[in-house]
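Written out below as structure tokens is the structure these notes cover.
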Amino acid sequence: MGGAATDDQSKQAPNPYPSPPIYSNSYPTHPPPPYQPYPPPYAFAAPPPAAYYSNPHNYPPVVYQEPTTGHLTFAKFLLTTMTFLLVGACVMSFLTWLIFGSLTPDFSVKSLSVPSFNVSDSLLTAAWDVNVTVKNSNEKLDVFFERLEGVIVYEDTVLGLADTDPFHLSPKGEVVFEMKASTNNLQQESFAESYRGLVEDRRRGRVSFGVRMAADATLRSGTLWRRQLRLRVFCEDLEVKFDGPMGPGKLEDGTQKECLIYV
């Protein structure tokens, strides 16, 4: 009885191990998947999508605007106006010169004398007497000098000041005016760089001075036309020869020295 029961239990109990696979020598009948080639290299050079260039700060896009017709018209008008003004000024200057001729008078130093000139190692005391000739070569213009001031210089150092009274110069007229300048106990410190040269020139008996002037003048033609002028006059290289160590001096030759005029 016991052996029979055991046989029945063995028949009814499940097998805890899976069944071994069944091997077959046959191959699957379904076809292999189609061949997928790799993408070409240039496929990866394509630009990123538009979202890559998004504007995270929401800045407004920069839009180029061409200049409007109104701006171009104003620029052309301004350029044309400036051109006409420049051409008009040149034409007016030429017509003025053509009608009236030379506008600036001529200056020259007629004479220069130095009655006294005492220079020591530290002080200068001197006096100058200058006669200046002014000629008006214009046939239609009157010249009125309202102010005329002058200085005596030595190597760009001012030694004395002078001025003259206002005067009138008629067309084709000529005027000789006098300027007197002086200095008293001018100290060496005021022009130490050129003082030594001045002392040496005086000992040699020859000193080269300069006369420089500034003038305000008015040119008139009748009652309708007038023009203001500011003149700068330079009369340089006026060499004065002295008589002895303490004597006076004057221009070495008697010829007039022409001056340079700047307007």
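The values are calculated or read from the model by the stated rules, or taken from the named source; none is laboratory data. Nothing here was measured: the structure is a model prediction, and the numbers come from that model. Here Cβ is always computed from backbone atoms with ideal geometry, including for glycine, and neighbour counts include all displayed protein chains. Just the protein is used for accessible areas: all its heavy atoms, side chains included, with ligands, DNA and RNA removed. Shrake-Rupley method; radii C 1.70, N 1.55, O 1.52, S 1.80 Å.
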It is to be established whether one or more residues within the range 240-252 are touching a Ser or Thr at 6+ places or on another chain (Cβ under 6 Å) and at pLDDT 90 or above. yes
With the checklist (1) surrounded by fewer than 19 Cβ atoms within 10 Å (Cβ to Cβ); (2) within 36 Å of the chain's Cα centre (by Cα); (3) in contact (Cβ under 8 Å) with a residue 24 or more places away in the chain in hand, flag the one item LYS135 doesn't pass. (2)
With the checklist (1) among the aliphatic types (A, V, I, L, M); (2) under 19 Å from LYS241 (Cα atoms); (3) modelled with pLDDT under 90 in hand, flag the one item LEU141 doesn't pass. (2)
Please indicate, with yes or no, whether at least one residue in the range 107-114 is open to solvent by 50 Å² or more (accessible area, probe 1.4 Å) and touching a helix residue (DSSP H, G or I) at 6+ places or on another chain (Cβ under 7 Å). no
Inter-residue pairs, beta-carbon under 7 Å, first within 14 Å of GLU149 (Cβ to Cβ) and open to solvent by 100 Å² or more (accessible area, probe 1.4 Å) and in the range 220-236, second of a type in the set (Gly, Ala, Ser) and part of a strand (DSSP E or B), 6+ apart: ARG232/ALA214
